[in-house]
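The values are calculated or read from the model by the stated rules, or taken from the named source; none is laboratory data. Quick caveat, the model's predicted, so the values are computed rather than measured. In this analysis, Cβ positions are derived from the backbone assuming ideal geometry, glycine residues included, and neighbour counts consider all displayed protein chains. The accessibility values were calculated without ligands, DNA or RNA, using every heavy atom of the protein model including side chains. Shrake-Rupley method; radii C 1.70, N 1.55, O 1.52, S 1.80 Å.
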Amino acid sequence: MGSTIAEKIIKSHLVEGEMVQGTDIGLRIDQTLTQDATGTMAYLEFEAMGVPRVKTERSVAYIDHNTLQTGFENADDHRFIQSVAKKHGIYFSRPGNGICHQVHLERFGIPGKTLIGSDSHTPTGGGIGMLAMGAGGLDVAVAMGGGTYYITMPKMVRINLTGKLSPWVSAKDIILEVLRRMSVKGGVGKIIEYGGEGVKTLSVPERATITNMGAELGATTSVFPSDEITRQFLKAQGRESDWVELKADDDAHYDEVLEINLSELGPMAAAPHMPDNVKTIDELKGKKIDQVLIGSCTNSSYLDLMRVAHILKGKTVHPDVSLGIAPGSKQVYNMLAQNGALADIIASGARILECACGPCIGMGQSPNSKGISLRTFNRNFEGRSGTADGQIYLVSPETAAVSAIAGVFADARELGEAVEIPMPEQFLINDNMIVPPAPVEEMDSVEILRGPNIKPFPISEPLPETISAKTLLKVGDNITTDHIMPAGAKILPYRSNIPYLSNFCFAVCDEKFPERCRAEGKGIVVGGSNYGQGSSREHAALVPLYLGIKAVIVKSFARIHLANLVNAGIVPLTFVNESDYDTIDQMDELEIPNIRELVGKSEITVYNKTKGTSFKVNCTISERQRDIILAGGLLNYTRESVK
Ligand code: MIC
Ligand code: SF4
């Protein structure tokens, strides 16, 4: 039997385990990336490991999230990361150079290589044929030190694309269609591969829009073949020698196959507050809007913004709408400036934002109260925009631009004939905002610059014989890491200050949660299915750890968050019978005896002392993860194993 693309990459990087679905496999990691919001912590962890220089083929530290700099905190963190990068062999992409995933695709991504990044949208690299996965900061730190990265061998899904998109329908609409069909849980434990004739109609950045939002499916990653189009893209980036061909064998086996005829798709939008709440533009047409934002790692490429500029040319943004545009990288920005498209955008009345994540992570541009905001981004979780009752719709750049002019949801297909915007034969290459690391002989003399915003990170204790604690919080299904540890302009600057961050833990669900934790000293969180979906931020595990959370009992976990809990030494448990969830109330006292012996081995009984009942849970983790939990987290485990 032949292999899928993902199986081929896994096979060539397998250092532990066998490629049997559902079992743990260890992979050699070729490249890593970090961004600043998770990077500060990742580099503190890397330092704690005591490895002098990264062992990967390429590691890059990007600054793209915390660029508002409303106080000293962000700038201090940037300087810390820059100095660590210089000392330890990491390339540093300066603030202003662009969003990590966009820049990585342009300048560093290589087909057939493995990439992990401390950001859940790292699968963007699947657009260029990488096996690219989001991970917690500590996992990235370990990979930088040459350590193995572990995942559960996923199932393989093939999405066959046939036909060709109609004019003004775009890659964003393809992934919205996939989300509509599969839901935000549909990709859990799976790798999504794209194939079929329709693939040939999509450029690399368009493919990257699709793999980027595979994160919203909960998938381990998504991947496209590396073909002639990939070669052309790399050539235009001056990197043709990085190209290798990559395709699935004809007789490769897939666990699921989905068919999408591109010709049948129309423009769509993900309505508040989940990326899978997909509606057609036909259903929304004419509805008044307040704000439009174009950018983010999903839709800020040269082609995206050229199409936007074409639509805006000679027009004026509707007087009731604020239009903000953030190009994804300095390369894109510079090219738009040189060819005049930027002038068309400015003339229309758009507000030009820095090349950074910006409003996507709630860093400015929060909409008015109850404001309807159309965004080309990838997440519309409640409150993420910074306006608690903001109504965020995820749309394509084309839908965003026509709607900004109309002042209502509008259908770009009414523009008629498609405009042909060719992929450039040569992108503008100027890497002067990427600082290479110090040469080996100079690394010792590089001084690490640490500001007062950097506080030590919490370390867990070895697992006790019995966990006995109150249920300090009970939440429902699809809880995101944005619920657990919100971001936004007021909180994000404190990503290296866990004590301060802890004041905001679960604030979206229950503002009193941190207070209860402090009063009780320890606790358990109970939740529904797909707990911890969304961002890869390990702060969603480190902050609960700091607040004394010992175990989380839920119906099911999202992949990266489960790994982050284990790495932090918090026990992840799932109900054997989901209906037991209903029997627990907040503040019930739970006791889990014998947990040290049973964890990761067999079913565990939890006693509800308040109700006088009991129920069974599982802890579905690998043997290695069991050892990590017993040691009280990955750092303790790593220290013990090198003793
Ligand atoms: C996000 O889109 O939520 C983020 C901000 O990029 C996160 C990382 C973080 O929380 O720092 C992600 O997607 O992993
Ligand atoms: Fe940045 Fe938004 Fe992409 Fe996260 S999803 S990396 S915040 S642009």
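General observations
- Reported count of residues in the range 331-371, each being open to solvent by 30 Å² or more (accessible area, probe 1.4 Å), within 16 Å of ligand 2 (Cβ to nearest atom), touching a Ser or Thr at 6+ places or on another chain (Cβ under 9 Å) and over 20 Å from residue 482 (Cα atoms), is 1.
- With a requirement of 1 or more residues that are over 27 Å from residue 327 (Cα atoms), the strands (runs of 3 or more DSSP E) lying completely within the range 200-298 that satisfy it span 256-261.
- Qualifying residue in the range 115-133 (condition: within 14 Å of ligand 2 (Cβ to nearest atom), within 22 Å of residue 244 (Cβ to Cβ) and among the polar types (S, T, N, Q)): yes
- Exactly one residue out of 603, 589, 578, 640 is in contact (Cβ under 8 Å) with a residue 60 or more places away in the chain and open to solvent by 50 Å² or more (accessible area, probe 1.4 Å): that is 589.
- Of all the listed residues (9, 29), the sole one being over 16 Å from residue 86 (Cα atoms), in contact with a helix residue (DSSP H, G or I) (Cβ under 9 Å, 6 or more places away or on another chain) and surrounded by 22 or more Cβ atoms within 10 Å (Cβ to Cβ) is 29.
- The condition (being more than 16 Å from ligand 1 (Cβ to nearest atom), modelled with pLDDT under 95 and aliphatic (A, V, I, L, M)) is satisfied by just one residue among 405, 448, 434, 459: 459.
- A residue that is basic (Lys, Arg) and crowded, with 24+ Cβ neighbours inside 10 Å occurs nowhere in the range 392-414.
- The single condition among (1) open to solvent by less than 10 Å² (accessible area, probe 1.4 Å); (2) outside any strand (DSSP E or B); (3) out of contact with any helix residue (DSSP H, G or I) (no Cβ under 8 Å at 6 or more places or on another chain); (4) among the aliphatic types (A, V, I, L, M) that residue 629 does not satisfy is (3).
- Just one of the listed residues (138, 161) is in a helix (DSSP H, G or I) and of a type outside the set (Val, Ile, Thr), and it is 138.
- Which numbered condition residue 540 fails, given (1) among the aliphatic types (A, V, I, L, M); (2) within 16 Å of ligand 2 (Cβ to nearest atom); (3) open to solvent by 10 Å² or more (accessible area, probe 1.4 Å): (3)
- Scanning the range 245-261 for residues that are among the aliphatic types (A, V, I, L, M) and either more than 26 Å from the chain's Cα centre (by Cα) or under 16 Å from residue 4 (Cα atoms) (or both) gives 246, 248, 252, 257, 258.
- Residue match in the range 603-620 (condition: outside any loop (DSSP other than H, G, I, E, B), modelled with pLDDT of 95 or more, closer than 25 Å to residue 16 by Cβ and among the β-branched types (Val, Ile, Thr)): no
- Residues that are touching a Cys at 6+ places or on another chain (Cβ under 9 Å) and closer than 12 Å to residue 397 by Cβ, drawn from the range 308-331: 326, 327, 328
- Residue within the range 164-173 that is within 15 Å of ligand 2 (Cβ to nearest atom) and of a type in the set (A, V, I, L, M, F, W, C) present: no
- In the range 502-514, the residues that are in contact (Cβ under 8 Å) with a residue 24 or more places away in the chain reach residues that are of a type in the set (S, T, N, Q) and open to solvent by less than 50 Å² (accessible area, probe 1.4 Å) with C-beta atoms within less than 7 angstrom, at least six apart or across chains, in these pairs: 514/502.
- If you go through the range 298-321 and keep only what is within 27 Å of the chain's Cα centre (by Cα), of a type outside the set (A, V, I, L, M) and open to solvent by 20 Å² or more (accessible area, probe 1.4 Å), you end up with 302, 307.
- All conditions in (1) under 29 Å from residue 633 (Cβ atoms); (2) of a type in the set (Gly, Ala, Ser); (3) part of a loop (DSSP other than H, G, I, E, B); (4) more than 29 Å from the chain's Cα centre (by Cα) hold for residue 460, with the sole exception of (4).
- Comparison of 492, 473 shows that the only residue that is under 27 Å from residue 274 (Cβ atoms), among the hydrophobic types (A, V, I, L, M, F, W, C) and at pLDDT 95 or above is 473.
- Given (1) surrounded by fewer than 21 Cβ atoms within 10 Å (Cβ to Cβ); (2) at pLDDT below 95, index of the condition residue 45 fails: (1)
- Checked against the criterion of being at positive phi, in contact with a strand residue (DSSP E or B) (Cβ under 9 Å, 6 or more places away or on another chain) and more than 16 Å from ligand 1 (Cβ to nearest atom), the candidates 50, 22, 2 yield just one match: 22.
- Residues (in contact with a strand residue (DSSP E or B) (Cβ under 7 Å, 6 or more places away or on another chain) and open to solvent by less than 30 Å² (accessible area, probe 1.4 Å)) located in the range 380-391: 380, 381, 385, 390
- Tally of residues being in contact with a strand residue (DSSP E or B) (Cβ under 7 Å, 6 or more places away or on another chain) and among the hydroxyl-bearing types (Ser, Thr, Tyr) across the range 7-19: 0
- Qualifying positions in the range 97-109 - out of contact with any Phe, Trp or Tyr (no Cβ under 9 Å at 6 or more places or on another chain) and of a type in the set (Gly, Ala, Ser): 109
- Residue selected from the range 463-501 under the condition away from ligand 1 (no atom under 15 Å from the Cβ) and among the charged types (D, E, K, R), by the criterion nearest to the chain's Cα centre (by Cα): 477
- Counted residues, the range 68-93 - those being within 16 Å of ligand 2 (Cβ to nearest atom) and open to solvent by 20 Å² or more (accessible area, probe 1.4 Å): 1
- Within the range 185-226, if we keep just the residues that are acidic (Asp, Glu) and over 15 Å from the mean Cα position of the chain (by Cα), the residue that is least open to solvent (accessible area, probe 1.4 Å) turns out to be 193.
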